1. Please list, ordered by chain and number, the residues whose modelled amide H lies under 5 Å from the amide H of residue 476; skip anything fewer than 5 residues away on the same chain.
2. Positive end of the charge dipole of the chain (Lys, Arg +1 and Asp, Glu -1 on Cβ, about the Cα centre): tell me which of 297, 476, 9 has its Cα farthest that way.
3. Do me a favour and compute the ellipsoid semi-axes for the range 414-505 from its Cα gyration tensor, root of five times each eigenvalue, largest one first, whole Å.
4. Stick to Cα atoms and the Kirkwood definition of Rh, then tell me Rg/Rh for the range 347-482.
5. What translational diffusion coefficient, in µm²/s and rounded to a whole number, does the Stokes-Einstein relation yield for the range 47-133 at 4 °C and a viscosity of 1.567 mPa s, taking the hydrodynamic radius as the Kirkwood radius over Cα pairs?
6. How far is helix 176-185 tilted off the main Cα axis of the chain, in degrees rounded to 10, range 0 to 90?
7. From the C-alpha gyration tensor of the range 466-523, pull out the three semi-axes of the equivalent ellipsoid (sqrt of 5λ each), sorted largest to smallest, in whole Å.
8. To the nearest 20 Debye, how big is the dipole of the chain about its Cα centre, given +1 on the beta carbon of each Lys and Arg and -1 on that of each Asp and Glu?
Amino acid sequence: MIEFIAQNMAPIMFASLIIFLLIGYPVAFSLAANGLLFFFIGVLVSPYSGGSINLAWPLLHALPDNFYGTRVMSNDTLLAIPFFTFMGIVLERSGMAEDLLDTIGQLFGPIRGGLAYAVIFVGALLAATTGVVAASVIAMGLISLPIMLRYGYDRRLASGVIAASGTLAQIIPPSLVLIVLADQLGRSVGDMYAGALIPGIVLTGIYMLYILIVSIVRPNSMPALPLEARTLGRGVISLIVALLVTGAISYGAYRYLAPTQGDNADILGFAVGVIVIYVAAIVDQRLRLNLMSKLAQQVVIVLIPPLALIFLVLGTIFLGIATPTEGGAMGSVGALIMAAAKGRLSLDVVKQALASTTRLSSFVLFILIGARVFSLTFYGVNGHIWVEHLLTSLPGGETGFLIGVNILVFLLAFFLDFFELAFIIVPLLAPAADKLGIDLIWFGVLLGVNMQTSFMHPPFGFALFYLRSVAARVPYLDRITGKQIAPVTTGQIYWGAVPFVCIQVIMIGLTIAFPQMVMRYKGAAVEPSTIDLKLPDMPSLSPLGTPPANNGAAPGNGGAPAAPGTPDLSQPPSFGDAPAKPAAPAPDLSQPPKFN
């Protein structure tokens, strides 16, 4: 029995961790306690393991270095987490989500499902500025859910749209989950952001496509806004004209800057066009020139600041100007400036943001410390080799591995949070993926899309819990229409999430089928045959080991002898005549040697 335990320590240890988590113990303490318990057992039974356990008491001395080394306390990559968390919470308090939802809802209001489109669009914008799921779901649940119920939206559809659009913060940069995945996979956060950008946009488009299909099949489930609710009036043509003018200014600025700025001219030209139209909208609104419609003014004034913040964070990262940590710091400063500009910045807001940031950062840090204790023992019992052999032996090669891993992560997401999956499961999967030749950035983005479902899984999805906390539980009177609105039940929230979970599963398949969506982070491939290497001419030197050209004459000199002082590289160097040494006397071999 002891031999069986010793030789199967890795699977027993992993199964014990799953049991601890299912019982309900905190993840960080389950990891650490499980690691220490099996370390003690492993040292005792190691003589019976046949060499498969490499644990000894002095190995515990490595724990302080694991805690204070580059993997935890001194990990610069993880510094981005508190910055992006602080930025997201300040933006949520600044009222940016409320302004965006109101304005975009008015823009899409005349069409069926307009509010649903607005929620998805704003969810993508909030994801690109905050990176925090809780902030996005709670803000949109408080603001948009009452409006959607007021105008007759299906409760399941409204709940699903809000929960799903909030989880876009999982995959659209600057996502916190992408930071953790990049750290665990040993890859650049900037590359992970670049790889995840297109899949995040594609997923947003699929959400909108689903709304379009439902609006055609079930038009009564998402009616258009009535005319009296469109307080900004009409003005889409004015907005289109403003966008065309912005494009023309951007193109002109690009042509002007291209000779001096090179590859950055397009981005700088776009920035010039956006700044000009933003200033024009503010001047038009303040001076009441009426050059633009009220709707166009509001859209430009409300949309430009978050777009500028996105460029400040992601643009500087993609251009290589700033690291993700520096981008997060600039984003935090930008969020404070935006909150101050709206008159929403106060000491109480900063205190709340700092408290929430500290809480989340401590949560991540404790899980990471527990994961280091667990991995010390798990690697000591060759658990990583067991997992690698288990995964690489799946039928189907790379495709079978990807399908098996995604099914595993999908099932574990019913019970584990994305941080727990990232710190427990990903370090075990990465070596096997690397051995199969899978690009780890692509693998990380694929896992990120899969882990996104952990927020939507009924009944344990956190996004569903966030929405349940702000959705009405009892009937209430609407303050605009005066009608009694029925509450939203937990079952309606759960069933509303199911179609979007299916869409996320489809997105996993698309990412596997079309890896170039992610692999474009590497840029265009270089054809070796097109590379032309030119070496400078060196006429005074001949190839080593060959006599000088023209029998010692300098090339291009008509065969004339080399100039005095020109070295003859065909001969070994001479350092002058060395002083002659006296000849040693010949030894007398007829006598035995003397050792005086």
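1. Correct list: 485.
2. Checked the options; the winner is 476.
3. Details: eigenvalues 302, 29, 19 Å².
For the range 414-505, the semi-axes come out at 39, 12, 10 Å.
4. Ratio of gyration radius to Kirkwood radius: 1.12.
5. Values: Rh = 17.2 Å.
This corresponds to a translational diffusion coefficient of 75 µm²/s.
6. Around 20 degrees separate the two axes.
7. Equivalent ellipsoid semi-axes, largest first: 41, 14, 9 Å.
8. Values: 29 positive and 29 negative charges, 447 e Å.
Result for the chain is approximately 2140 debye, rounded to the nearest 20.
The values are calculated or read from the model by the stated rules, or taken from the named source; none is laboratory data. Because the structure is a prediction, the values reported are computed rather than measured. Because the Cβ atoms are built from the backbone with ideal geometry, glycine has one as well, and the counts that use them run over all protein chains shown. Note: accessible area is taken over every heavy atom of the protein model, side chains too, but ligands, DNA and RNA are not part of it. Shrake-Rupley method; radii C 1.70, N 1.55, O 1.52, S 1.80 Å.
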